[in-house]
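> First, the structure itself, so that you have it in front of you.
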Amino acid sequence: MEELWERLREKMNEARNAMYCDCGNKHTRIPVESIRASEARYCKKCKLRHPAKHNDIWAETRFGGFIWIYYACLDGVIYDITQWATCPSNHLKHMKANSHLVQYRLVTTTGPSINKNPSRQTKTG
């Protein structure tokens with residue numbers, strides 16, 4: 001019986017951390033426990049980390065810009081969404097890494113969007 005509960009827990013975590021995509025697949029979002037929402041987004045201009053708000057998406061670079069990592073803040077938790085963001089079906093190619101401003105926000109189907117620029121919103125299920 002315990003094995004059954006463990007499998008159910010795994011399926012629930014998998015479903016909770018799935019990001020649906022226009023490509024027809026689900027991409028995994030990974031919680032990043034080492035980054036707090038109060039100091040999440042690295043800013044090259046200010047050389048510090050700015051707070052992230054619900055549904056913010058941003059990119060950071062590593063190793064001199066060779067590695068790009070995409071993040072999202074959802075319900076106060078920071079997630080690595082690189083797998084979803086780099087899918088060819090997504091339109092995040094013009095995002096600037098290590099930016100002072102949030103350039104994109106997720107549009108969720110469960111609540112109202114707070115972004116005033118609808119051309120810069122990205123859908124998620």
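> Please list, in order along region 17-24, the HN-Hα scalar couplings obtained from phi with the Karplus expression 6.51 cos²θ - 1.76 cosθ + 1.60 (θ = phi - 60°), rounded to whole Hz, x for Gly and Pro.
Residue by residue, region 17-24 yields 9, 9, 10, 7, 9, 5, 6, x Hz.
> With +1 on the Cβ of every Lys and Arg and -1 on the Cβ of every Asp and Glu, and nothing else charged, how large is the dipole of the chain about its Cα centre, in debye rounded to the nearest 20? Intermediate values should be presented prior to the final figure.
On the way: 20 positive and 12 negative charges, 163 e Å.
It works out to roughly 780 debye.
> For ALA97 and VAL77, what does the FRET efficiency come to when R0 = 30 Å and r is the distance between their Cβ atoms, rounded to the nearest 0.05? Write down the numbers at each step before the final one.
Working: r = 21 Å, r/R0 = 0.71.
Efficiency at R0 = 30 Å is approximately 0.90.
> Starting with the fewest neighbours, write out LYS44, LYS93 ranked by other beta-carbon atoms found within 10 Å of each beta-carbon.
Values: LYS44 13, LYS93 8.
Least crowded to most crowded, the residues run LYS93, LYS44.
> While we're on this one: In whole percent, what relative contact order does region 2-123 give with Cα contacts below 8 Å and a gap of six or more residues? Before the final figure, lay out the partial values.
On the way: 201 pairs, mean separation 27.9, N = 122.
In percent, rounded to a whole number, it is 23.
> Continuing with this model, one more query. Given the -39500 (n - 2.57) contribution per DSSP H run of 4+ residues, what per-residue ellipticity at 222 nm results for the chain, rounded to the nearest 500 deg cm²/dmol? Walk me through the numbers before you get to the answer.
On the way: 2 runs with 19 residues, N = 125.
After summing the helix terms and dividing by residue count, I get -4500 deg cm²/dmol.
> Something else about it: Could you please tell me the mean projected area of the C-alpha convex hull for the chain, averaged over all directions and given in square nanometres to one decimal? Let's see the in-between values first.
Values: hull surface 36.9 nm².
Seen from a random direction, the Cα hull of the chain projects 9.2 nm² on average.
> Positive end of the charge dipole of the chain (Lys, Arg +1 and Asp, Glu -1 on Cβ, about the Cα centre): tell me which of LEU74, PRO31, LEU106 has its Cα farthest that way.
LEU106
Taken together, the values in this text are just the output of simple stated rules run on the coordinates, not laboratory data. The structure presented is a predicted model; accordingly, all values stated were derived computationally and were not measured. Note: ideal-geometry Cβ built from the backbone for every residue, glycine included; neighbour counts use all protein chains shown.
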